[in-house]
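Only the coordinates and a few stated rules stand behind these numbers; no lab work does. Predicted, not measured: the structure shown is a model, and the values here were computed from it. Counting neighbours? That spans all protein chains shown, and the Cβs are built from the backbone with ideal geometry, glycine included.
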Amino acid sequence: MRRFLGVVVCFLPLFLCAHGVEVSQAALSAEQLKTVRFGYSTGEAMAYAKVKLYPPSNPTVETMKSLTDRNGYFAFVADEAGEWRVEAEDGMGHKGVISLALGAPASAPTQNSDTKASAAFRIVLALSLIWNISALYVFMRNRRVERKNEVI
């Protein structure tokens, strides 16, 4: 039983690898990044209106659902050329629709992740996990031995 527990403790980090978050800044051109502002005829913004985005490849199925910001703005990145349709509804009967003809598809964003740091972090995490499980095992074993000594 102890050998089995030792083997499990040694290989457990391989099964419990967590994932991290990588953040990158995309270098996009003005043609790729599109911003639309929805507002009323009075100049007031359609704040937090429901937005639907329809791509050129399938104009009947929405690609994205979102909201405008408090100033009525909605932004997206075009990943294909053609005519994109953007609709916004404020929930009170007002609806705005705009079609945008876009030429160049968006390129993939550049990433600035450091994979060596990520690998080093995983190694440290695995060693820490092994150490903590081993310490818990030793603590529980010593506690069991103390109870046996008290009974006698």
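Side notes on the structure shown:
- Nearby lysines by direct alpha-carbon distance to Lys65 (threshold 20 angstrom, same-chain neighbours under 8 apart not counted): Lys34, Lys50, Lys52, Lys95
- For Thr68, Thr42, the sequence from fewest to most other C-beta atoms within 10 Å is Thr42, Thr68.
- Neighbour counts of C-beta atoms inside 10 Å place Met92, Met46, Met64 in the sequence Met92, Met64, Met46, starting with the fewest.
- Loop-located GluC sites (Glu not before Pro) in the range 45-97, at most 16 other Cβ atoms within 10 Å (DSSP): Glu62, Glu80
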